[in-house]
Structures are given as structure tokens and as C-alpha cells.
1. Grab the DSSP H runs of the chain that are 4 residues or longer, score each as -39,500 (n - 2.57), total them, divide by all residues and round the 222 nm result to the nearest 500 deg cm²/dmol.
2. On full extension of the chain, what length is gained from LYS570 through ASP68, given 0.36 nm per residue of separation minus the C-alpha to C-alpha distance?
3. For segment 383-536, what is the Kirkwood estimate of the hydrodynamic radius, computed as the reciprocal of the mean inverse distance between distinct Cα atoms, to one decimal in Å?
4. Show me, for segment 35-50, the HN-Hα J-couplings you get by feeding each phi into the Karplus relation (A = 6.51, B = -1.76, C = 1.60, θ = phi - 60°), rounded to Hz, glycine and proline as x.
5. I'd like to check one number: the per residue accessible area of the chain, probe 1.4 Å, reported in Å² as a whole number.
6. How much of ARG407 can a 1.4 Å solvent probe reach, expressed as accessible area in Å² and rounded to 10?
7. Run the 1.4 Å probe and let me know the accessible area of SER528, rounded to the nearest 10 Å².
8. For the pair LYS145/LYS610, report the inter-label distance in nm, with labels modelled 7 Å from Cα in the Cβ direction.
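The values are calculated or read from the model by the stated rules, or taken from the named source; none is laboratory data. Bear in mind that the values here come from a model prediction, so they are computed numbers and not experimental data. Note that each Cβ is placed from the backbone with ideal geometry, even for glycine, and that neighbours are counted across all protein chains shown. All accessible areas refer to the heavy atoms of the entire protein, side chains included, with ligands and DNA or RNA removed. Shrake-Rupley method; radii C 1.70, N 1.55, O 1.52, S 1.80 Å.
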Amino acid sequence: MADKIAFQADVSKMLDIVINSLYSEKQIFLRELISNASDACDKLKYLALTHPDIAKASGAFKIVLKPDEKELTLSVSDNGIGMNKEDLIAHLGTIAKSGTAEFVKNASDNGSVCELIGQFGVGFYSAFMVADKVEIITRKAGEDKAWKWSSNGIDGFEIVEAKKDTNGTDIKLFLKKDEKNYVDTIYLRQIVRTYSDHIAYPIVLDLGKAGEETINTGSALWTRNKAEITEDQYKEFYHHISHNFDDPWLTLHFKAEGNIEYTGLLFIPSNAPYDLFQPDKKNSLKLYINKVFISDKLEELMPNYLRFVKGIIDSADLPLNISREMLQHSALIEKIKAGTISRLLKELQKRAKNYDDYIKFWNNFGIVLKEGIYEDFKNREEIAAISYFHTTQDENKLTTLDEYISRCDKEQKSIYYITGDDIKIMRNNPQLEAFKQKGWEVLLLCDPIDEFWPQVLPNYKGYAVKHISQADADMSWKREEKKADEGALGKLCEFMQKLLSAEVGKVTPTEKLTTSPVSLTVEGGQMSLHLERLMRNHQQQTAFASTRILELNPYHPLIIKLADMVMEDKNKAKVEEIAKILLDQAKVAEGEAISDPSFYAEKISQYILKDITAA
């Protein structure tokens, strides 16, 4: 009795988009099926290192294509690890897991389905673009039962127990009437040589009575001389290992020699993947030992801040029978990791010299690369040097820390920054006024990681890295404007601090303001207002909320007038009203929420009306 299982709602929507959308590269489906077959052989090959009996019956690994012109079918078979019933349900009934809904939304908004498929790991389902029905017969290595999975790609799938003498997977595509070219052996050879020539296992074309023909070279691309490899071959290998449809922004092919020898073929994508910021996102490197696949889940091979890098590392100096647990603590792995990071960063340094080219990479992956300043003690200054930032200097171009330093005058000894949620709001923050007056540039940091990396990079090339709230001592200069009387200003600060005690811990004068009457900040060394907002947005506890400081501009006519009114004990109610409005004004400028929006709106309207009436 067959089990009939419906697709998840998102899966059905996604399949409808893939099957019925215009698709310029339908033949890609074959590359995806061959890649999956290659992965299945890799997995069994690795399993055989510790369980040699499991793979004995399989014989030499290979992938077989069998076209049938009469039945109008195409079969793709492998003798890899195979699947059981649970695997079939998990892998072929759920697509892209938590990313499925996002895929459907993006695919609906974006006509380029071709690009999206690679991002969401649904290559197998591209088979339904050329097939009305797909059948799979599979048996998992080490198990006795075989299973048959079938679906028309519309209303779910069926699973029933089947017969299969050996482990592996046979995928049979019942082709649509207008897809006869996929039983044409000449066309199949062309597709394989274009997209899958580098697959390490023989790809065999079953010609029936005429026998079998191996149609790929089968050499591991990374073992070949770079001079012999074309750009197109690099691109197709990238497509194979990443399952992406974009071209690589960076290709890095190298061989390290010395105490430990290893080869790397690494790629940085042109587009950011959908799951770049998912908490469980891991690095995408595959580890081979003498061309034998070992693992693609080895977290120790690449730091998390380089999780967008795709590719392989192959070493002859690691023992084949080493366990994954031992690999995670291997000194050799640490050496490979250090060497690989160094080469990547050096390559990024070269590419960073071309701003227009590098900014494409930065817009996709800069927010992730900056995590390395915080996480990687050894390389943090090197990563900081190839990082780009918004500043008060130029709204249309990002800058590096070295470029920032080159523009500093002799008096400036620090790199200043401010954090926030929105670049436009930050540019108008009152606390920047004195910096603008002095002509000092300030970094505008708006990414969550920007709250943390300055704490572990207190100095960069002889310059202290400081939040602008720490710049009071640096902001003093001779000012000609009238200033509030010190005694009156002190009384105003005491009055406002008592009045606003529920919302601010301190009211104090500052030299950092030139045109604004007030600004809002926190005590030095405490959590910034921006970080507090981030934590609240993620429903984190704010038990260590920072002390708000309301800063007054002693040169502003409004502050001078209020100080005089408090000193003379005049119209206390009016002073209270204006003090509350000033606090709200400071909150707005900082991006903070106002406690009583209706009060603020009503009072602002009254003052505007009074001004218009007087005019």
C-alpha cells in the first residue's frame, strides 16, 4: 500500500513557480541530478573509511545516464549511499526548510527563477521543468529495504516499498512531449561536457546494445595546472559545488607547500545567499584527502565570518582514517585554516584597490566580514584595513580607515564613530555638530556588529578608536558666542534633572553642540542607545540599561533664556513645558521613541501657530 503524502503548502507554490516560469537554462536540471549523484557517492566513500563492508557490494562508483527514445524517459543512476523512507520524506517533501516561504516570495517578485533556485537548494525539483513525472527507486547502504518515490510535482508524492538489489538511487524522468532532445545522446554528451566534465566519478552513457561510454574526463579540477583551466571550467565547478547560478566574484586556486601541503580552490559568490544570516549557517567548504571526500560540515576549516566562501581544500598530509572529532582538534587543520585565511585576505586586499569592483563584494558580504574584526584576534587589523564605512565626509562613497586617517589634521589623534539605525538620521545627529565645525570626519556605523568590533580594536595604526561620546576633552576650542551664566546654567541643569529624573539620569552642559539646544547620550563605557534598541527589538532583557544624559548647549539662546528664567524663578510652568519638549526633541534626533507623542505634537503645533500668528 503506497503512502500518499502532500507537499507542504510552500513547496507546492514554489514548484508551480519553477515549473511554469520561463527558464532560459533548462538543461541545468541534469547538472543538478549529476551533482546529487556525485554527492551520494562521496558520502558512501567516506562512510566506507570506517565501515568498509558497507560499500563492498557497490563496486566502482559511477553515474549512469540512460535515455529511452521509445518511452521518452531519461534515467540518472548512481551506486552511492542511497536513501531510506525517512530520507525521502525529509529531503524530497521539504524544500529549503525555513527558507521556503522566503523563496516563494522572492520568486514571485523576481522573474529570474534561474538565479533563485541555486540560492535555495531546490535543484532536484528543476527536473519537473522537463518531466511530467519523476520516479525514484533507492536503497540505503547497509539496509535491506528499497523504496519507490513518485510525483507529478503538483499534488504531493507517493512512497511504496520496492525491490532493488544494490544500494544507490535510480531517478527516472518521464519527459514532456516537447523535451525529446533529452534522449538525444549527442545533446546529452554536450550537456555533460559543458556542466559536469569535472565530476570525479565516471559519467557513463548507456547506449543499450552498443554498450556504455564514459563522457566526462573525471579529473578533479583542483589537481590540474591553473594554466590548463579555462574561466568557464572554473565557473562550472563553482556551480557544481555551490549549487548557485551566479558566477563567482572571486576565484582563488592555490597550492601550499612546506610543513604541510594542501590545495585550495575557493570562490566568493557574486550574490549573497538567502541564509547568510541564519543562526545555523555554516561554512561551505568541502574537505578532501587525496581527492577522497571527507566532510562538508567541518566548522574548524573556515571561520564563521568567511561563511560565504565556497570551495574545496584537499590535503595529502591528513590521514584518511582520521575521525571528524579528531579533525576538529587537529593542529594540521589549524595550519590549513590559518594559511587559507591569509591567502583570502591578501586576495581581498588586491581586489580592494579597485573601488567600483570591490564595493560589489562589500555590499553583499561586508557586514559578515566585519564580524572578523571582533572574532579574529590575529587578523583583526588586516580585516579592518579592507573594511569600508559610511562617514560624514562623502554621502556617495564609502571609505577605509586608512583613507580616513589620511584626511585627519595634525590636531586629531582619534578615529571617531557614531552608531545608529539609519545613516540619514545619524548624519543629522546634534552630537556631530562640533565635529563638523572643526572639520573632523566621523564614521557612521549602522550594522549590529558595529556595536562590538570597536571594543576589541581600541587602536588602529596609532589612532584611538572612540565613540563621539568620549570626545568631550577633544572638542574644546575658542568660541566667541555668548554663553549662559555658569551659576544660572548650573541651576537649570539641577531643575531639569529633577523634573526629568524618570527618563534621564543626568543633565549637563557640553561643548559638542553648535546649533542644537540639546542632545541625548549615555555615560562613557555604557551600552549605547543604538545597542539598547537592538536588544529590545530582539526581546532581550535590558537589566543593564544605560544612564541617559541630556546635554545642554550653553551657547544656544534658548538654553541661555531658560537658565535666566530659572535663576530669576520666573514662569516655572513654562520652563517645565519647554524642558519636556527639549527632551523629546533630543530623543527624535537620536532615533529614540517619545514617551508622550500626543503632548509633543500638541505643543509643537501651538508654537508653530503662535509663530505664524505673530508674523
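1. Rounded to the nearest 500, it is -11000 deg cm²/dmol.
2. Separation in residues times 0.36 nm, less the Cα-Cα distance, equals 170.9 nm.
3. Final number for the Kirkwood radius of segment 383-536 is 16.9 Å.
4. After applying 6.51 cos²θ - 1.76 cosθ + 1.60, I find 4, 4, 5, 4, 4, 5, 5, 4, 5, 6, 4, 5, 4, 5, 5, 9 Hz.
5. Ligands and nucleic acids excluded, the figure is 48 Å² per residue.
6. For ARG407, solvent-accessible area is about 100 Å².
7. Using a 1.4 Å probe on the heavy atoms, I get roughly 20 Å².
8. 8.2 nm
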